[in-house]
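Undergrad: Sharing a structure below in structure tokens format, with a few things to ask.
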Amino acid sequence: MKLAELTALFGQLGFPRAEERKRPPRDLVRAVEAAVRAGLSDDELPLELLALEIEQRDGAPDLAPFHVVPELGVRVAFAYWRPGRAAGPHEHSDWTVTAVFHNALDVATFDWDATARARRLVPKRLFSAEAGRVGHIHGPCIHDPRNPTPRWSISLHLFGPHDGPVIEQQVGPIEGLSPPAPRAAEPAPQAVPAPQAVPAPQAEPAPLAVPAPQAEEDALSAALLAHERECVRRAQIDALARRGPRAAALLARLHARGDAGTRRRAARALGRAEDLGAHTVLARRWPGVDLDAAPSAGRAELLARCGGRAQPLLRVDAWAAPALRALASAVELRPRDIPGLAEAEQLALARALVDWGTFQPLEAQEN
């Protein structure tokens with residue numbers, strides 16, 4: 001199936017035009033759900049959708065449409081879920097079709113009528129959805145999707161044109177209800193569990209969500225948002241890696257656009273060898289942002305500081321604090337020069353810094 005066929009299906013089914021402000025019958029929404037499920041079972045539609053997303057939005061992490069069905073106003077968008085991210089309980093008042101495109105999500109639902117009567121959230125059901133699972137909403141609904149896994153997830157959304165908040169307009173404030181658009185959860189510092197070693201932190205550390213105007217003024221905010229864009233590209237690479245040889249062109253495109261950590265991820269997916277070595281020269285990459293090593297709850301923490309703000313990047317056991325102090329003061333370094341660590345530990349720490357974007361190989365500085 002191609003996107004053009006999916007778009008044409010709405011007309012064939014007789015979906016109402018946007019200006020009619022009518023909800024289509026549930027059977028029509030179910031027909032779209034079935035078409036999406038069938039389309040995602042092959043490579044053609046997923047690759048076409050990701051190609052549009054990559055070209056039009058280029059790693060942007062927010063939920064925004066990359067395609068709108070003409071005259072019907074149906075929006076097609078991807079959402080990206082860092083480990084632990086939850087949307088917060090929010091409502092949908094128009095129809096939607098949603099699929100787990102990559103990895104997995106948990107979805108909590110709430111009883112609409114009971115919530116309206118009590119003016120507080122009344123839980124209804126919790127279910128888990130793996131990649132390829134597709135569902136739909138027809139009538140008003142309150143739900144809370146979240147990513148319970150340690151890896152990034154991607155979901156695909158088809159939204160009706162008239163979705164928006166209605167329940168609080170009808171009954172007043174609802175305790176615990178979030179705004180209708182999904183939003184990021186507060187980040188947690190990434191721990192490095194190691195009794196005897198310093199392995200890399202979790203593959204995708206959670207950056208701080210920062211409003212766009214602040215990002216233009218604050219070097220730390222801009223750097224963290226750039227890191228989140230790279231995390232989105234890496235999630236796309238992981239999704240593409242499952243699609244076989246037909247995904248090679250898109251993987252090469254992401255390889256060309258990404259930073260060193262993203263290129264390493266794409267190279268692995270393409271079957272190429274591209275990794276850091278003990279002698280690779282790394283250079284500091286975040287202008288205007290200072291690094292600092294500080295104790296934290298019996299461990300040592302590497303912080304990025306700018307003005308009065310600080311963002312934890314990673315934690316190690318307290319005995320490895322000299323390594324973090326050396327990193328904090330370095331402008332250039334080789335992994336082999338990080339003090340107090342074995343070579344495997346030096347490389348793991350260097351890869352974590354490259355994944356964050358704080359350091360990059362000298363040959364990658366143009367990115």
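Undergrad: Could you work out the percent of alpha carbon pairs in segment 14-145 separated by over 26 Å, rounded to a whole number?
TA: That fraction is 28 percent.
Undergrad: Now for a separate question. Over every pair of different alpha-carbon atoms in segment 249-367, take the mean of 1/r and invert it; report that Kirkwood radius in Å.
TA: Value: 14.9 Å, from the Cα pair sum.
Undergrad: Can you pull the percent of the chain's accessible area that's carbon plus sulfur, 1.4 Å probe, other chains left in place?
TA: Here it works out to 52 percent.
Undergrad: Related question: Do you know the relative contact order of segment 235-319, to the nearest whole percent, from alpha carbon pairs under 8 angstrom that are 6+ apart?
TA: 16 percent
Undergrad: While we're on this one: Rounded to the nearest 10 Å², what accessible area does R229 show when all protein chains are kept and the probe is 1.4 Å?
TA: Estimated to the nearest 10 Å², R229 gives 80 Å².
Undergrad: Sticking with this structure for a sec: Using the heavy atoms of the protein chains alone and a 1.4 angstrom probe, what is the accessible area of the chain per residue in square angstrom?
TA: On a per-residue basis, the chain sits at 44 Å².
Undergrad: Would you mind working out the magnitude of the charge dipole of segment 42-108 relative to its Cα centre, with +1 at each Lys and Arg C-beta and -1 at each Asp and Glu C-beta, to the nearest 20 Debye?
TA: Computed charge dipole of segment 42-108: roughly 360 debye.
Undergrad: In percent, how large is the relative contact order of the chain, given Cα pairs closer than 8 Å and 6 or more residues apart?
TA: Value for the chain: 15 percent.
Undergrad: Give me the one-decimal nm value for the distance between modelled label points at L126 and A283, 7 Å along each residue's Cα-to-Cβ direction.
TA: Each label point lies 7 Å from its Cα, and together they span 4.9 nm.
Undergrad: Helix by helix through the chain, keep the DSSP H runs that span 24 Å or more along the axis on Cα and average at least 0.0 on Kyte-Doolittle, and give those back in order.
TA: 219-241
Undergrad: Okay, moving on. Nothing charged except the Cβ atoms of Lys and Arg (+1) and of Asp and Glu (-1): what's the magnitude of the dipole of segment 36-75 about its Cα centre? Round to the nearest 20 debye.
TA: In debye, rounded to 20, segment 36-75 gives about 200.
Undergrad: Which listed residue (T115, Q170, G73) has the Cα farthest towards the positive end of the charge dipole for segment 56-172, taking +1 on Lys and Arg C-beta and -1 on Asp and Glu C-beta about the Cα centre?
TA: Value computed over the given set: T115.
Undergrad: Identify the GluC sites (Glu not before Pro) of segment 274-367 meeting these criteria: DSSP loop state and at most 11 other C-beta atoms within 10 Å of the C-beta.
TA: For GluC sites (Glu not before Pro) across segment 274-367 that sit outside H, G, I, E and B with at most 11 neighbouring Cβ atoms in 10 Å, the list reads E366.
Undergrad: Work out the FRET efficiency for E55 and R336 from their Cβ-Cβ distance, taking R0 = 51 Å, and round it to the nearest 0.05.
TA: With a Förster radius of 51 Å, E is 0.80.
Undergrad: Suppose R0 equals 30 Å; then what is the FRET efficiency for E20 and Q169 from their Cβ-Cβ distance, rounded to the nearest 0.05?
TA: It comes to 0.90.
Undergrad: Set the Förster distance to 22 Å, then compute FRET efficiency between R272 and L362 from the Cβ-Cβ distance, nearest 0.05.
TA: Here the calculated transfer efficiency is 0.65.
Undergrad: With a point put 7 Å past each Cα toward its Cβ, work out how far S296 is from A252 in nm, to one decimal.
TA: 4.1 nm
Undergrad: What's the magnitude of the charge dipole for segment 1-75 around its Cα centre, counting Lys and Arg as +1 and Asp and Glu as -1 at the beta-carbon? Answer in Debye, nearest 20.
TA: Magnitude of the dipole: close to 540 debye.
Undergrad: Could you work out the per residue convex hull volume over the alpha carbons of segment 1-66, in cubic angstrom?
TA: 110 Å³
Undergrad: Next question. Mean separation of Cα pairs under 8 Å and 6+ residues apart, divided by the residue count of segment 308-367: what relative contact order is that in percent?
TA: Result for segment 308-367 is 23 percent.
Undergrad: What is the spread of the Cα atoms of segment 311-367 along each of their three principal axes, largest first, in whole Å?
TA: Sorted from largest, the Cα extents of segment 311-367 read 35, 26, 19 Å.
The values are calculated or read from the model by the stated rules, or taken from the named source; none is laboratory data. These figures come from a predicted structure and were not determined experimentally. Cβ coordinates were reconstructed from backbone atoms using ideal geometry, including for glycine residues, and neighbour counts include every protein chain displayed. Keep in mind that these areas ignore ligands, DNA and RNA; they rest on the heavy atoms of the full protein, side chains included. Shrake-Rupley method; radii C 1.70, N 1.55, O 1.52, S 1.80 Å.
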